[in-house]
Amino acid sequence: MSKKQANPQQFEQMIAELDTIVQQLEQGDLSLDDALQQFERGVALARASQQQLQSAEQKVQMLLQQNNNEQLVAFTPPAGE
């Protein structure tokens, strides 16, 4: 595995930046050029975030396979929460 380890803090920073970009674009105060640059940055952040999520899911799957082929199940919160 030559890929760099996913950094949870980096992931959170990317999501926060993506949220800021979305807010800026929704406000509509940016020039067309600035909006396009922000959109391009947002797409890059979304792709990088998705790759980190997929990597984390693969790691979870590998760990579960090492532990008697356990299956992932959907989380259901207890009633009243």
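A few points about this structure:
- Within the range 1-35, tally of residues that are at pLDDT below 90, surrounded by 10 or more Cβ atoms within 10 Å (Cβ to Cβ) and aliphatic (A, V, I, L, M): 1
- Residue in the range 59-74 that is modelled with pLDDT of 95 or more, acidic (Asp, Glu) and open to solvent by 80 Å² or more (accessible area, probe 1.4 Å) present: no
- Number of the condition not met by residue 46 [criteria: (1) open to solvent by 70 Å² or more (accessible area, probe 1.4 Å); (2) part of a helix (DSSP H, G or I)]: (1)
The values are calculated or read from the model by the stated rules, or taken from the named source; none is laboratory data. All values reported here derive from a predicted model rather than from experimental measurement. Glycine also receives a Cβ, built like all others from the backbone with ideal geometry; neighbour counts cover every protein chain displayed. Heavy atoms of the whole protein, side chains included, go into the accessibility calculation; ligands, DNA and RNA do not. Shrake-Rupley method; radii C 1.70, N 1.55, O 1.52, S 1.80 Å.
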